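Reading through the structure tokens given below for one structure.
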Amino acid sequence: MRSDVDGVVTKLIILSSRRVMPGELLSRIYSLKKDLIVKETCFGAEVSGKKGDVEQVVREVRSLDPYGIFVKERGFLPGDPRRCRATRGGARPGFHQIELEAERLPLIAKALSEYDMGALGVRREEVGALGVDRFKEIIEDTLKDMKM
């Protein structure tokens, strides 16, 4: 089941910005005066409402920091018994995935910013296999250093 039942969608707005604070994010959302359900989360906000309204909010808040605000669609409506903590207990399924993704967002933001500024990817030389003689030399040097 998707969250677009009856034209209602839910988006997770994940904040990974050095320029925008959570309060600013929520203030911007509320200032748009849309008929939405807005929930502050530990990662930013969850916004539910008519598709057009939610998409407008997403465009507006992403304009605050295009590289530091990420958006993800929520797959189930709030309160869905298959996903709701009230009926299942514990963390909502997907919470730990968002937690893992949020740790990597600063790297993604940096890469997107550099890409837009024209930075090219770094090419690395292929490193061949380490020869047996060189490996033995490394071990001997390490053992010698440990004895000192």
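The values are calculated or read from the model by the stated rules, or taken from the named source; none is laboratory data. Worth saying up front: this structure is predicted, and the values here are computed from it rather than measured. Cβ atoms come from the backbone with ideal geometry, glycine included; neighbour counts cover every protein chain shown.
Couple of notes before you dig in:
- Of all residues in region 1-60 being closer than 21 Å to residue 81 by Cα and of a type in the set (Lys, Arg), the one that is nearest to the chain's Cα centre (by Cα): 11
- Against the list (1) farther than 20 Å from residue 11 by Cα; (2) of a type in the set (Val, Ile, Thr); (3) modelled with pLDDT of 80 or more, the condition residue 37 fails is (1).
- Members of region 1-57 that are in a helix (DSSP H, G or I), under 14 Å from residue 70 (Cα atoms) and of a type in the set (D, E, K, R): 55
- The lone exception for residue 27 - which of (1) out of contact with any Gly (no Cβ under 6 Å at 6 or more places or on another chain); (2) surrounded by 17 or more Cβ atoms within 10 Å (Cβ to Cβ) it fails: (2)
- Residue match in region 125-146 (condition: over 18 Å from the mean Cα position of the chain (by Cα), modelled with pLDDT under 75 and not in a loop (DSSP other than H, G, I, E, B)): no
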